[in-house]
Amino acid sequence: MKKRVFSGIKPSGSPQLGNYLGAIRRWAAEQDEYDNVFCIVDLHAITEYVEPAELKQYIREQTGMLIASGIDPDKSILFQQSHVHEHSELAWILNCYIPMGWMQRMTQYKEKVEEQKEQVSVGVFDYPSLMAADILLYDTDIVPVGDDQKQHVELTRDVAQRFNYIYGETFKLPEPVTGEVGARIMGLEDPTRKMSKSEGGSGQSIALLDSENVIRRKIMRATTDSQRDVVFDESRPGIFNLLTIYQTITGESRNDIENRFHGKGYGDFKKALGEVVVETLHQVQKRYAEITADPSYLESILKKGADKATPIAREKLAQVRERIGLG
Ligand code: ATP
Ligand code: LTN
């Protein structure tokens, strides 16, 4: 039997290069090895305000991008979180087994509190519980995530263990798996913050749907430093990040890349990087345009995905309810 993979992506903005290199591309490449469940986590997206029309659009973009990047909806289950009500019900149940202290230690939550203070929503605080529900409903073995999400998967394991301890074996303990290269693509303007869909100015991230010119321009303007050598030096976060993007896309070794750009300056390297990124995204964009030409196609995919996910989630939730005494 194949191991089950579960992963989620938030429709909180237009998908960006970090999502593609750190997550989507790998999900697609490893699709045949696993039994996959990919979820557009719309209930996670609303933990921070999104305009309703934009949310709809982002859900479409995210779904279209996954398919354009090679996720095959006949091989993998691809669905929208809120279509399967069991996710929110299990999240509530798990809430009752998660101590406040565990949640208060979550880095992502702490960062949001720093920005938003008391205005931070209860949804942001409770986010990891819903994420744990997503994962645990499907007897997940592996959760491929970027570095930023590891802590949430650890919390998922902790609450699963606690529940199993009280009520007997119910949940499988998932393993977080991060790629070695590309697990954390940083922003172009501020390379000390990660590239993200929802944060930073428009020059911070490369959207997967950015035009060729915009991609080239953003890369040419990316923050570097006053040195010249194109080398992987972690103390120079700007050029280090650009080199990491290059390495992730081409799969070449650091040595080979440094040799290629030996004696050349940042400008030459940025031009080459622009070409590589444009080339990669061109394929995805072409496929995306084909998929979205039929407006009902994505809806029908999500409907089919929910039909496949629901019986799995329903069975697990019924077991949980029974164990607790709600059944
Ligand atoms: P947001 O800006 O709303 O926080 P995000 O762009 O960080 O969104 P998510 O939807 O939270 O993206 O994450 C989808 C997947 O992409 C996750 O597996 C996440 O770890 C990965 N990911 C997100 N940003 C990066 C990044 N900069 N580098 C590598 N992987 C990333
Ligand atoms: N929190 C994740 C998105 C997410 C997820 C999940 C990832 C929600 N539920 C379940 C893996 C498994 C994020 O921000 N990237």
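None of the figures in this text is laboratory data; all of them are computed from the coordinates on show. What you see is a predicted model, and the numbers here were worked out from it, not measured in a lab. Cβ placement follows ideal geometry from the backbone for every residue including glycine, while neighbour counts extend to all protein chains displayed.
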Residue tally, condition within 14 Å of ligand 1 (Cβ to nearest atom) and free of Cβ contacts under 8 Å to residues at least 40 places away in the same chain, over segment 121-144: 1
For residue 196, work out the one condition from (1) more than 26 Å from residue 320 (Cα to Cα); (2) crowded, with 16+ Cβ neighbours inside 10 Å; (3) more than 10 Å from ligand 2 (Cβ to nearest atom); (4) not charged (D, E, K, R) it doesn't fulfil. (3)
Give the residues of segment 25-60 that are in contact (Cβ under 8 Å) with a residue 12 or more places away in the chain, farther than 21 Å from residue 127 by Cα, surrounded by fewer than 24 Cβ atoms within 10 Å (Cβ to Cβ) and in contact with a Ser or Thr (Cβ under 9 Å, 6 or more places away or on another chain), sorted by residue number. 25, 27, 28, 31, 34, 35, 60
Only unsatisfied item for residue 17, checking (1) within 27 Å of residue 248 (Cα to Cα); (2) in contact with a His (Cβ under 7 Å, 6 or more places away or on another chain), is (2)
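Would it be correct to say that residue 212 is surrounded by fewer than 18 Cβ atoms within 10 Å (Cβ to Cβ) and within 13 Å of ligand 1 (Cβ to nearest atom)?
On the way: surrounded by fewer than 18 Cβ atoms within 10 Å (Cβ to Cβ): yes; within 13 Å of ligand 1 (Cβ to nearest atom): no.
No; evaluated as a whole, the condition is false for this residue.
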In the set 79, 38, the lone residue that is in contact with a Gly (Cβ under 6 Å, 6 or more places away or on another chain), within 16 Å of ligand 1 (Cβ to nearest atom) and part of a strand (DSSP E or B) is 79
Let me confirm something: among 137, 155, 130, which residue is surrounded by fewer than 21 Cβ atoms within 10 Å (Cβ to Cβ) and within 12 Å of ligand 2 (Cβ to nearest atom)? 155
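For segment 97-104, indicate whether the set of residues that are in contact with a strand residue (DSSP E or B) (Cβ under 8 Å, 6 or more places away or on another chain) and in a loop (DSSP other than H, G, I, E, B) is non-empty. Don't jump to the end; show me each part of the working.
Of the residues in segment 97-104, the ones in contact with a strand residue (DSSP E or B) (Cβ under 8 Å, 6 or more places away or on another chain) are none.
No, the conditions are met nowhere in segment 97-104.
With the structure loaded, tell me whether residue 52 is within 11 Å of ligand 1 (Cβ to nearest atom) and either out of contact with any Phe, Trp or Tyr (no Cβ under 7 Å at 6 or more places or on another chain) or not aliphatic (A, V, I, L, M) (or both) or whether it fails that test.
No, not satisfied.
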Residue 325 vs (1) surrounded by fewer than 14 Cβ atoms within 10 Å (Cβ to Cβ); (2) farther than 21 Å from residue 86 by Cα: all pass except (2)
Residue count, segment 176-186, condition part of a loop (DSSP other than H, G, I, E, B), more than 15 Å from ligand 2 (Cβ to nearest atom) and in contact (Cβ under 8 Å) with a residue 24 or more places away in the chain, comes to 1
Every residue in segment 152-171 that is farther than 21 Å from residue 325 by Cα and out of contact with any strand residue (DSSP E or B) (no Cβ under 9 Å at 6 or more places or on another chain), please. 155, 158
Identify all residues within segment 226-257 that are in contact with a helix residue (DSSP H, G or I) (Cβ under 8 Å, 6 or more places away or on another chain), more than 16 Å from residue 22 (Cα to Cα) and outside any loop (DSSP other than H, G, I, E, B); write none if there are none. 239, 254, 257
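Identify all residues within segment 1-35 that are more than 12 Å from ligand 1 (Cβ to nearest atom), among the aliphatic types (A, V, I, L, M) and in a helix (DSSP H, G or I); write none if there are none.
If the condition is that a residue be more than 12 Å from ligand 1 (Cβ to nearest atom), among the aliphatic types (A, V, I, L, M) and in a helix (DSSP H, G or I), then 28, 29 are the ones that fit.
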Checking the condition under 21 Å from residue 70 (Cα atoms), within 19 Å of the chain's Cα centre (by Cα) and either more than 16 Å from ligand 1 (Cβ to nearest atom) or of a type outside the set (Gly, Ala, Ser) (or both), which residue from 177, 278 passes? 177
Look at segment 41-60 and say how many of its residues are assigned to a helix (DSSP H, G or I) and in contact with a helix residue (DSSP H, G or I) (Cβ under 9 Å, 6 or more places away or on another chain). 8
Answer from 239, 249, 257, 166 - the residue that is over 26 Å from the mean Cα position of the chain (by Cα), crowded, with 16+ Cβ neighbours inside 10 Å and in contact (Cβ under 8 Å) with a residue 12 or more places away in the chain: 257
